[in-house]
Amino acid sequence: MSTRVIRGIIGFTALGLVAATVVMGLFVTPPDAVQGNLARLLYVHPPVAWVAYLAYGVTSIASALYLWRPTRSRRWDQLAVASAEVGVVFTGLTLVTGSIWGRPAWGVWWTWDARLTTTAILFVLYLGYLALRRIPTSRETRARRSAIAALIAFIDVPIVHESVVWWRTLHQGATVASLGTNSKIHGIMAWTLLLGFVAFTFVYFWMTMLRFQVERLAEQVEDEEFKNWELERAAESEISSGAIATLLGDGIGDRDDTLIEHKVR
């Protein structure tokens with residue numbers, strides 16, 4: 001089965017799961033006893049935050065595999081940047097959906113809460129990672145610097161996750177992690193939330209596969225342009241060498257003619 005077919009299957013599956021999550025979240029699940037219909041946004045907010053974690057985790061693993069000589073490959077670097085870009089998108093969605101939820105729940109769009117602040121820092125760190133990749137340098141140097149930056153930026157991920165435990169925060173504590181005996185969410189609401197996690201995980205895989213393919217094609221185009229540039233330079237060098245040889249040949253011929261005329265005289 002080709003990569004294109006697999007990508008198509010994952011894409012259609014993601015579309016179907018997201019549609020099912022929307023239907024379940026808006027029309028099937030009941031309003032929350034405390035938050036009312038506002039709780040329906042939680043079927044989206046935690047899943048997109050989870051995908052951001054997943055994306056940065058994949059970026060870190062791919063970066064480490066690139067830095068380790070036995071597994072060094074351009075594909076790991078390509079996967080790292082593809083996953084990081086998707087992660088930045090989902091981190092942005094996390095901040096936006098969190099602000100939409102926070103306005104009616106807390107009365108403000110933004111507050112310098114520990115969870116919000118560390119998430120914003122995470123967003124900026126990976127924007128910096130993507131900016132670092134735009135600095136003109138050799139491909140190997142860029143990949144090595146970016147891999148190190150990705151590993152450093154990932155340190156903030158566990159800090160974001162544990163911020164509600166380590167500091168006093170307005171953000172509610174763990175909900176998904178407590179789906180066992182002490183669960184704070186039950187029945188159809190729990191199933192809808194889990195469906196959201198599965199749906200957006202498929203969205204992540206589909207987006208990352210697309211971005212990975214784009215990165216590979218971009219590098220192929222870059223390689224072709226470099227080869228064409230080398231050929232043009234070689235052709236220019238041959239033309240220059242030929243012109244110099246011609247000029248030298250004409251100069252030697254003129255000198256020989258002068259010598260012959262001098263001898264004749």
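The values are calculated or read from the model by the stated rules, or taken from the named source; none is laboratory data. Because the structure is a prediction, the values reported are computed rather than measured. Cβ coordinates were reconstructed from backbone atoms using ideal geometry, including for glycine residues, and neighbour counts include every protein chain displayed. For the accessible areas, the whole protein counts, side chains as well, though only heavy atoms, and no ligand, DNA or RNA atoms are used. Shrake-Rupley method; radii C 1.70, N 1.55, O 1.52, S 1.80 Å.
Residue-by-condition table, conditions (1) more than 26 Å from the chain's Cα centre (by Cα); (2) at positive phi; (3) open to solvent by less than 40 Å² (accessible area, probe 1.4 Å):
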{"residue": "Arg4", "(1), (2), (3)": "no, no, no"}
{"residue": "Thr21", "(1), (2), (3)": "no, no, yes"}
{"residue": "Ala62", "(1), (2), (3)": "no, no, yes"}
{"residue": "Arg103", "(1), (2), (3)": "yes, no, no"}
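From the list Leu42, Leu67, Leu79, Leu17, exactly one residue is surrounded by 14 or more Cβ atoms within 10 Å (Cβ to Cβ) and in contact with a strand residue (DSSP E or B) (Cβ under 9 Å, 6 or more places away or on another chain). Which is it?
It is Leu42.
Is it fair to say Leu67 is in contact with a helix residue (DSSP H, G or I) (Cβ under 7 Å, 6 or more places away or on another chain) and more than 19 Å from Tyr204 (Cβ to Cβ)?
Here the answer is yes, as Leu67 does meet what is asked.
Thr246 is checked against (1) part of a helix (DSSP H, G or I); (2) modelled with pLDDT of 70 or more and fails just one. What number does that condition carry?
Of everything listed in (1) part of a helix (DSSP H, G or I); (2) modelled with pLDDT of 70 or more, Thr246 misses just condition (2).
When only residues in region 118-151 that are of a type in the set (Val, Ile, Thr) and without any contact (Cβ under 8 Å) to a residue 24 or more places away in the chain count, which is most open to solvent (accessible area, probe 1.4 Å)?
The qualifying residue most open to solvent (accessible area, probe 1.4 Å) is Val124.
Only one of Leu54, Leu15 is touching a helix residue (DSSP H, G or I) at 6+ places or on another chain (Cβ under 7 Å) and either assigned by TED's automatic domain parsing to the domain that holds Met207 or free of Cβ contacts under 8 Å to residues at least 40 places away in the same chain (or both). Can you tell me which?
Going through Leu54, Leu15 in turn, just one is touching a helix residue (DSSP H, G or I) at 6+ places or on another chain (Cβ under 7 Å) and either assigned by TED's automatic domain parsing to the domain that holds Met207 or free of Cβ contacts under 8 Å to residues at least 40 places away in the same chain (or both): Leu54.
Could you list, in sequence order, the residues of region 204-223 that are over 13 Å from the mean Cα position of the chain (by Cα), touching a residue at least 24 places away in the same chain (Cβ under 8 Å) and within 21 Å of Gly11 (Cβ to Cβ)?
Within region 204-223, just Arg216 meets the criteria.
Restricting the search to region 1-46, which residues are of a type outside the set (A, V, I, L, M, F, W, C) and within 22 Å of Phe212 (Cα to Cα)?
Ser2, Thr3, Arg4, Arg7, Gly8, Gly11, Thr13
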